[in-house]
Amino acid sequence: MTENISGKVLVITGASSGMGEATARDLAAQGAKVVLGARRADRLEKLVKEIKDAGGEAIAVATDVTKREDVQKLVDTAKETFGKVDVLFNNAGLMPLSPLESLRVDEWDQMIDVNMKGTLYGIAAALPYMKEQKSGQIINVSSVYGHITVATGAVYCATKHAVRAISEGLRQEVKDYNIRVTTISPGAVSTELTSHITEPGLAEAVTDIVNDIGVPPSTMSRMVAFAISQPEDVDVNEILFRPTVQTQ
């Protein structure tokens, strides 16, 4: 399973916690060279040290995915340090759920900037390198909410539907360059994602559900490992996973 992971250069956004952190740890342990981006540089540096102490290879670049120049620097650093960019894991995301009537427009803007534009900035940074290499894989994170739409989640669902649309368009466009495109849509995972919710009462309700049924972040790292580890002539386009007990 690790044969197609060891030695690959893996760039991860949103790497300072949750699914990004778990993926960094797990795939570094399988021999990937991980390049970690997130805003919280102190947490990134701690993670890099722990990966290196465990025998892995890792570097960190402070990255705000809403800034194209930051994402470009992250991917450029991967290329400059390790000579290539094999995989981009567009993992950074926000989920400040709220009813539309609450008019939390700043939060709508933030979700669009992080979930949609951040994904596009990652693609813009990595795609030229992958085209030149005639190889690579871009893994984008959607959500169960990228397949359905729920009350209090209209804007979040819209951004995650958009990630799926972007991924499918990209998949069709990059066949001549031997680039693989994967979308992973998680259900309830125990991460900090619910901490972004500011709507009174909603944060507590959603957090309680996630605490009750959520699977650990390492579930995502196994999905990423599965997609990457396939032979180069196999393109795993979409993975949707939920806790077994999750109904929606």
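Derivation of every value follows stated rules applied to the coordinates shown; laboratory data play no part. This structure is a prediction, so every number in the text was calculated from the model and none was measured. Cβ sites come from the backbone with ideal geometry, for glycine too, and all protein chains shown count toward neighbours.
Worth a mention:
- Selection over region 29-58 of residues that are surrounded by 19 or more Cβ atoms within 10 Å (Cβ to Cβ) and under 21 Å from MET130 (Cα atoms) gives a count of 7.
- The C-beta contact set for region 127-138 (first residue under 9 Å from ILE179 (Cβ atoms) and touching a residue at least 40 places away in the same chain (Cβ under 8 Å), second residue buried (at least 16 other Cβ atoms within 10 Å of the Cβ) and of a type in the set (Ser, Thr, Tyr), distance under 9 angstrom, 6+ apart or interchain) comprises GLY136/TYR129; GLN137/THR182; ILE138/SER167; ILE138/THR182.
- Within region 18-40, the residues that satisfy the criterion of being under 18 Å from the mean Cα position of the chain (by Cα) and more than 20 Å from ILE138 (Cα to Cα) are ARG39, ARG40.
- A single entry from ALA158, ALA165, ALA151, ALA205 fulfils the requirement of being surrounded by fewer than 19 Cβ atoms within 10 Å (Cβ to Cβ) and not in a helix (DSSP H, G or I): ALA151.
- Residue count for region 41-65, restricted to those that are under 25 Å from VAL114 (Cβ atoms), among the charged types (D, E, K, R) and over 16 Å from the mean Cα position of the chain (by Cα): 4
- Search result, residues across region 60-73 that are surrounded by fewer than 21 Cβ atoms within 10 Å (Cβ to Cβ) and in contact with a Ser or Thr (Cβ under 8 Å, 6 or more places away or on another chain): ASP70, LYS73
- Residues being over 11 Å from the mean Cα position of the chain (by Cα) and among the small types (Gly, Ala, Ser) - total across region 1-16: 3
- Filter result for the condition that a residue is of a type in the set (D, E, K, R), closer than 17 Å to VAL87 by Cα and crowded, with 20+ Cβ neighbours inside 10 Å, over ARG180, ARG222, ARG171: ARG180
- For region 41-68, filtering for residues that are within 26 Å of ALA124 (Cβ to Cβ) and touching a strand residue (DSSP E or B) at 6+ places or on another chain (Cβ under 8 Å) leaves 12.
- Pairs, first within 15 Å of ALA32 (Cβ to Cβ) and in contact (Cβ under 8 Å) with a residue 24 or more places away in the chain in region 44-61, second exposed (fewer than 13 other Cβ atoms within 10 Å of the Cβ) and of a type in the set (Lys, Arg), C-beta under 9 Å, six or more apart: ALA58/LYS49
- Annotation: of all residues in region 130-148 being crowded, with 23+ Cβ neighbours inside 10 Å and in a helix (DSSP H, G or I), the one that is farthest from the chain's Cα centre (by Cα) is MET130.
- When SER190, SER143, SER167 are checked against the criterion of being closer than 24 Å to SER17 by Cβ and in contact with an Asp or Glu (Cβ under 9 Å, 6 or more places away or on another chain), a single residue qualifies: SER167.
- Scanning region 208-248 for residues being among the polar types (S, T, N, Q), part of a loop (DSSP other than H, G, I, E, B) and more than 16 Å from GLN30 (Cβ to Cβ) gives a total of 5.
- Considering the conditions (1) touching an Asp or Glu at 6+ places or on another chain (Cβ under 8 Å); (2) within 16 Å of PRO128 (Cα to Cα), ASP70 is excluded by exactly one of them, (2).
Condition check ((1) surrounded by fewer than 16 Cβ atoms within 10 Å (Cβ to Cβ); (2) farther than 20 Å from ALA227 by Cβ) across all residues:
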site: VAL75; (1), (2): no, no
site: LYS79; (1), (2): no, yes
site: ASN90; (1), (2): no, no
site: PRO96; (1), (2): no, yes
site: LEU100; (1), (2): yes, yes
site: TRP108; (1), (2): no, yes
site: ILE123; (1), (2): no, no
site: ALA126; (1), (2): no, no
